[in-house]
Amino acid sequence: MSQHGEGLLRRRDRCPNCHSTLATSLYSAPYSAASIRNYIDTHYKGRASCHFEDVPYELARCSNCSLAYQVYVPTEILLADIYDAWMPRGSREELRGDLNLDDYRYLANEVQFLIQHFRLHPKQISVLDFGFGWAEWARMAMAYGCDVSGSELSRDRIEYAESIGLNVLAVDQLPANHFHFINTEQVFEHLVDPNHLIAHLATRIRVGGILKISVPDSSRSLRKLASNPDFSSLSRDEIMPIAPLEHINSFTHKSLVALAHTAGLKRLRPSLYKLYNGSSGWLEVSGAIKLIGRHLYRHIFPKSTFAYFVRTLRKEGESGVKTNA
Ligand SMILES: [Zn+2]
């Protein structure tokens with residue numbers, strides 16, 4: 001890979017998934033072009049300093065596996081600038097402020113699904129949260145009793161994870177044929193060499209184990225660019241999956257499956273029964289009785305020794321305890 005823009009970018013000469021050199025250009029404009037410049041200024045709130053105006057933001061699509069990828073990608077030096085200075089990583093408190101009940105339910109549903117899938121006691125299920133961030137997913141899996149490890153690059157996030165008892169492992173420390181489940185959330189779109197990582201992770205899961213990949217879907221953005229190659233016509237949501245310098249691999253379902261195939265992984269499509277039941281257990285007789293029955297019972301027969309108590313406002317001098325005085 002050749003270097004450009006004073007060593008801040010390098011050129012990917014072939015598809016980062018299948019390594020084919022056959023590709024069509026979907027879009028190309030130098031970073032100095034108004035449309036790209038505007039995006040960079042807005043997205044990074046004026047903190048970005050691009051000293052590579054002549055280098056193009058170029059999106060190509062592999063003719064073999066259909067993966068869309070940015071041809072010029074940041075080197076380590078530029079990555080450090082982007083993630084430390086241009087767009088400082090949010091704190092854990094900021095993330096907690098962003099997550100609501102639905103978000104935690106979503107995480108819980110994923111963990112419940114995987115425990116149900118393997119039909120093992122949670123403590124027998126070994127999971128890895130790869131690129132765990134502030135360890136929200138890992139914490140949920142820990143709460144359900146799974147055997148949880150995690151990998152991450154950011155030093156402060158690693159320190160936090162270790163403080164809550166997460167088993168933190170470097171990429172080269174991951175045991176082979178070990179994990180039942182590996183979670184990757186918003187990881188593969190950022191990698192210069194996604195093929196290398198998936199090949200590695202595929203050998204870290206045991207036979208029958210699952211690798212979960214969740215990445216932005218770029219289908220709509222790519223369709224729109226193909227019909228009208230004008231970056232400025234894209235909405236904020238349409239730019240996100242193909243975001244210059246950050247989302248350097250832009251997946252569709254087809255190219256994601258192709259990535260997994262190169263690592264020998266086959267698509268698993270869980271039944272509706274497993275998906276619904278995994279999130280609550282309510283499709284099984286015993287689960288339904290517990291879920292529906294327990295709430296019904298508590299509502300109809302509130303006079304049990306399970307009760308919620310609420311503190312209410314009291315008038316001065318009022319006591320909740322009756323005395324004989
Ligand atoms: Zn390819």
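The values are calculated or read from the model by the stated rules, or taken from the named source; none is laboratory data. What you are looking at is a predicted structure, and each value in this text was computed from that prediction instead of being measured. Counting neighbours? That spans all protein chains shown, and the Cβs are built from the backbone with ideal geometry, glycine included.
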Task: the range 1-18 - residue that is touching a Ser or Thr at 6+ places or on another chain (Cβ under 7 Å) and of a type in the set (A, V, I, L, M, F, W, C) and, of those, nearest to the ligand (Cβ to nearest atom) - done: CYS18
Open item on the list: If I go through the range 8-18 residue by residue, how many of them are in a strand (DSSP E or B) and either among the polar types (S, T, N, Q) or in contact with a helix residue (DSSP H, G or I) (Cβ under 6 Å, 6 or more places away or on another chain) (or both)?
Closed with: 0
Open item on the list: Given the condition under 13 Å from the mean Cα position of the chain (by Cα) and hydroxyl-bearing (Ser, Thr, Tyr), answer yes or no: does some residue in the range 115-134 qualify?
Closed with: no
Task: The one condition in (1) more than 28 Å from ILE248 (Cα to Cα); (2) crowded, with 22+ Cβ neighbours inside 10 Å that SER163 fails to fulfil - done: (2)
- [ ] Please enumerate the residues belonging to the range 244-268 that are within 17 Å of the chain's Cα centre (by Cα), away from the ligand (no atom under 16 Å from the Cβ) and crowded, with 19+ Cβ neighbours inside 10 Å.
- [x] HIS247
Task: Meets criteria (at pLDDT 90 or above, away from the ligand (no atom under 16 Å from the Cβ), assigned to a loop (DSSP other than H, G, I, E, B) and out of contact with any Lys or Arg (no Cβ under 6 Å at 6 or more places or on another chain)) for SER49 - done: no
Open item on the list: Please count how many residues of the range 19-39 are out of contact with any Ser or Thr (no Cβ under 8 Å at 6 or more places or on another chain) and either assigned to a helix (DSSP H, G or I) or within 16 Å of the ligand (Cβ to nearest atom) (or both).
Closed with: 7
Open item on the list: I'd like to know if the range 276-289 contains one or more residues that are under 22 Å from THR184 (Cα atoms), touching a residue at least 40 places away in the same chain (Cβ under 8 Å) and surrounded by 10 or more Cβ atoms within 10 Å (Cβ to Cβ).
Closed with: yes
Open item on the list: I'd like to verify a number: residues in the range 100-142 that are in contact with a His (Cβ under 9 Å, 6 or more places away or on another chain) and assigned to a strand (DSSP E or B), how many?
Closed with: 3
TODO: Kindly establish whether GLY145 is part of a loop (DSSP other than H, G, I, E, B), at pLDDT 95 or above and surrounded by fewer than 16 Cβ atoms within 10 Å (Cβ to Cβ).
DONE: yes
Open item on the list: For the range 59-105, which positions are among the β-branched types (Val, Ile, Thr), surrounded by 13 or more Cβ atoms within 10 Å (Cβ to Cβ) and away from the ligand (no atom under 16 Å from the Cβ)?
Closed with: THR75, ILE82
TODO: Note down all Cβ pairs under 9 Å where the first residue falls in the range 14-40 and is in the same structural domain as TYR69 (by TED's automatic domain parsing) and free of Cβ contacts under 8 Å to residues at least 60 places away in the same chain, the second is more than 16 Å from the ligand (Cβ to nearest atom) and of a type in the set (Val, Ile, Thr), and they're at least six residues apart or on different chains.
DONE: PRO30/ILE36; PRO30/VAL55
TODO: Specify the residue that is nearest to SER149 (Cα to Cα); the eligible residues are those in the range 192-226 that are within 13 Å of the chain's Cα centre (by Cα) and of a type in the set (A, V, I, L, M).
DONE: LEU211
- [ ] Scan the range 245-279 for residues that are outside any helix (DSSP H, G or I) and aliphatic (A, V, I, L, M) and report the count.
- [x] 5
Task: Every residue from the range 34-58 that is of a type in the set (Asp, Glu) and surrounded by fewer than 18 Cβ atoms within 10 Å (Cβ to Cβ) - done: ASP41, GLU53, ASP54
